[in-house]
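**Student:** Here it is, the structure in full.
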Amino acid sequence: MAAPPLTDADRQHIRDLHAAGHGCNEIARQLGRDRATISKHAKAMGLTFDRAQTRAATQARVDDAKHKRAQLAEQLLDDALRLRTQLWQPCTVYNFGGRDNTYAEAQLKQPDFAGQEKILRSLAVAVDKHARLLELDRDPEGLAAVDAWLRGITGQ
C-alpha cells in the first residue's frame, strides 16, 4: 500500500527539521517516510543537505580499504618468500589409506618435481596478487573514478 501524499504540515515539518540541521535520513525516520520521498520533496522546496559528513566517511572507508590492501600485499609477499624456501627444504611425504587403511611416510631432502611445481604455482599466484594489489592503488584512473563517484554522490 502506498503512503499517503505529504500534507502541507508534513512539508513544514521537513522545513523545520532541515533548518534544525537534521539530515535526510533523520527527517525520513521522524516522519515515517521513505528517504527518497523526503529527498524529492526537499529538492522541490529548494532545500539541500550537507554531504560533507558522507563524503568524509566514504573517504575514510576508501583509506581504510587502501591500508588493508597494503597489509594484504605485504603478507602475500611474505607468503611467497616462505613458499620459495620450501622448494629446497626437507619435507615429509606420506600415503594414507588403501584396503587396510595404512599410513606410511618418508623424508625427502627436498620436494619431488611435482611438489616443487605446486610450490612454484602457489608462489606465482602470491606474487601476482601482491603486484595486483599494489597496482590497484597506483592506478590514477581508478582513483579518479572513485573521486568522480564521490563527487557525484555528494553533489560537489
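**Student:** For the range 73-94, check the following and say yes or no: at least one residue is closer than 30 Å to Leu123 by Cα, surrounded by 13 or more Cβ atoms within 10 Å (Cβ to Cβ), hydrophobic (A, V, I, L, M, F, W, C) and in contact (Cβ under 8 Å) with a residue 60 or more places away in the chain.
**Tutor:** yes
**Student:** Of the residues that sit in the range 44-82 and are part of a helix (DSSP H, G or I) and under 14 Å from Gly23 (Cβ atoms), which one is nearest to the chain's Cα centre (by Cα)?
**Tutor:** Looking only at the range 44-82, we keep the residues that are part of a helix (DSSP H, G or I), and these are 44, 52-82.
Applying the additional criterion that residues be under 14 Å from Gly23 (Cβ atoms) yields 52-57.
Values: Ala52: 21, Gln53: 20, Thr54: 17, Arg55: 17, Ala56: 17, Ala57: 14 Å.
Looking at residues that are part of a helix (DSSP H, G or I) and under 14 Å from Gly23 (Cβ atoms), I get Ala57.
**Student:** While we're on this one: Being assigned by TED's automatic domain parsing to the domain that holds Arg138, in contact with a Phe, Trp or Tyr (Cβ under 7 Å, 6 or more places away or on another chain) and exposed (fewer than 13 other Cβ atoms within 10 Å of the Cβ): is that true of Phe113 here? Give the derivation first.
**Tutor:** On the way: assigned by TED's automatic domain parsing to the domain that holds Arg138: yes; in contact with a Phe, Trp or Tyr (Cβ under 7 Å, 6 or more places away or on another chain): no; exposed (fewer than 13 other Cβ atoms within 10 Å of the Cβ): yes.
No; evaluated as a whole, the condition is false for this residue.
**Student:** Condition first: at pLDDT 95 or above and either charged (D, E, K, R) or not assigned by TED's automatic domain parsing to the domain that holds Arg121 (or both). Now tell me which residues in the range 69-103 satisfy that.
**Tutor:** Scanning the range 69-103 gives Glu74, Asp78, Asp79, Arg82, Arg84.
The values are calculated or read from the model by the stated rules, or taken from the named source; none is laboratory data. Everything numeric in this text was worked out from a predicted model, so none of it was measured. Positions of Cβ are backbone-derived with ideal geometry, glycine not excepted, and every protein chain shown enters the neighbour counts.
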